[in-house]
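Peer 1: Pasting in a structure now, in structure tokens, and then I'll have a few things to ask.
Values quoted throughout were computed directly from the atomic coordinates according to the rules given, and no laboratory measurement underlies them. Please read these numbers as outputs of a predicted model, since none were measured by experiment. All Cβ positions, glycine included, derive from the backbone under ideal geometry; neighbour counts span all protein chains shown.
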Amino acid sequence: MRTDSMGGVTLNDFTRALEEAARQQGFVLVDSSELPPFDNDNDNDEGFDEVFDGPTEDILDRIIAEAMLEADEELAAQIDRAHKREAVAQLGRIIEGISILASVQADLVKALVLED
């Protein structure tokens, strides 16, 4: 990034870096000059429901609840996979310990047989 004469980052460079970081996080940037103007001069609320075709609050609540449930299920699945990996690792350590004990036992039996 370029800096100004006092060593600070210029506004344009900061804006570009901020926009790039937003894009990397999956945000869609829209130039507000391309949006239609917002008309707030209409004090008549009677036609609002016919004009507004967006999702209702109930639908938004359901979407949020479904997203939370899906996230909970994914987290539970990740935790389950982590537990299974740990169980397999522990089983491997147990088998390795048993193998070492069997080897020691075989050495002891061999030593006992050779003593006789």
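Peer 1: How many nm separate the modelled label positions at Q25 and I79, each set 7 Å beyond the Cα in the direction of the Cβ?
Peer 2: Reported label-point gap for Q25 and I79 is 2.7 nm.
Peer 1: Quick one: if you stick a label point 7 Å off each Cα along the C-beta vector at L114 and E57, how many nm between them?
Peer 2: Each label point lies 7 Å from its Cα, and together they span 8.6 nm.
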